[in-house]
1. Of everything in the stretch 64-95 that's more than 12 Å from the chain's Cα centre (by Cα) and in a helix (DSSP H, G or I), which residue is modelled with the highest pLDDT?
2. Wholly within the stretch 1-54, which helices (runs of 4 or more DSSP H) include no fewer than the required count, namely at least 2 residues that are farther than 24 Å from residue 66 by Cα and either modelled with pLDDT of 70 or more or assigned by TED's automatic domain parsing to the domain that holds residue 77 (or both)?
3. Return the residues of the stretch 117-140 that are at pLDDT 90 or above and either surrounded by 15 or more Cβ atoms within 10 Å (Cβ to Cβ) or on the phi > 0 side of the Ramachandran plot (or both); say none if nothing qualifies.
4. Does residue 103 satisfy being at pLDDT 90 or above, under 29 Å from residue 39 (Cα atoms) and either touching a strand residue (DSSP E or B) at 6+ places or on another chain (Cβ under 9 Å) or surrounded by fewer than 18 Cβ atoms within 10 Å (Cβ to Cβ) (or both)?
């Protein structure tokens, strides 16, 4: 009974905070234009909770990770009027990496899966860095960074085998 009352308390705190922010900052959080990502975020969180609370199959963590990450990203995008969407697109693939990593952690440890998780995460972080830093440092492009990364990888492989 105490856990249920705590949950109701958290819901009321969240609702009050949203309404207070609406009054103080004039942001209409309750309009559908800002509120629609909740329909992506809540199912993702419910899938995550259902695995941990109800001991469901770990495969639901993949979809849970993707939906939760995408829902959070959509909340960010709608609150900034999508002005950063050109830079934040790699987070979509990062969401898949998060879901697959959760699956890897709570199922049989498959090294091939871990390789693809790390590969997706690397591609996402690399693309995000190029997009974000490329706007600040205009000389930083894929055409310049890819050969440099290949050279660094070659140096690592070379010295690892000595």
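The values are calculated or read from the model by the stated rules, or taken from the named source; none is laboratory data. All values derive from a computational prediction rather than experimental measurement. Because the Cβ atoms are built from the backbone with ideal geometry, glycine has one as well, and the counts that use them run over all protein chains shown.
1. Filtering the stretch 64-95 for residues more than 12 Å from the chain's Cα centre (by Cα) gives 77-87.
Checking the rest, the ones that are also in a helix (DSSP H, G or I) come to 77-79, 85-87.
Values: 77: 91, 78: 88, 79: 83, 85: 88, 86: 84, 87: 84.
Checking each candidate, the answer is 77.
2. Fully inside the stretch 1-54 and qualifying: 2-25.
3. Within the stretch 117-140, 117, 120, 121, 124 meet the criteria.
4. Values: at pLDDT 90 or above: yes; under 29 Å from residue 39 (Cα atoms): yes; either touching a strand residue (DSSP E or B) at 6+ places or on another chain (Cβ under 9 Å) or surrounded by fewer than 18 Cβ atoms within 10 Å (Cβ to Cβ) (or both): no.
The answer is no for residue 103.
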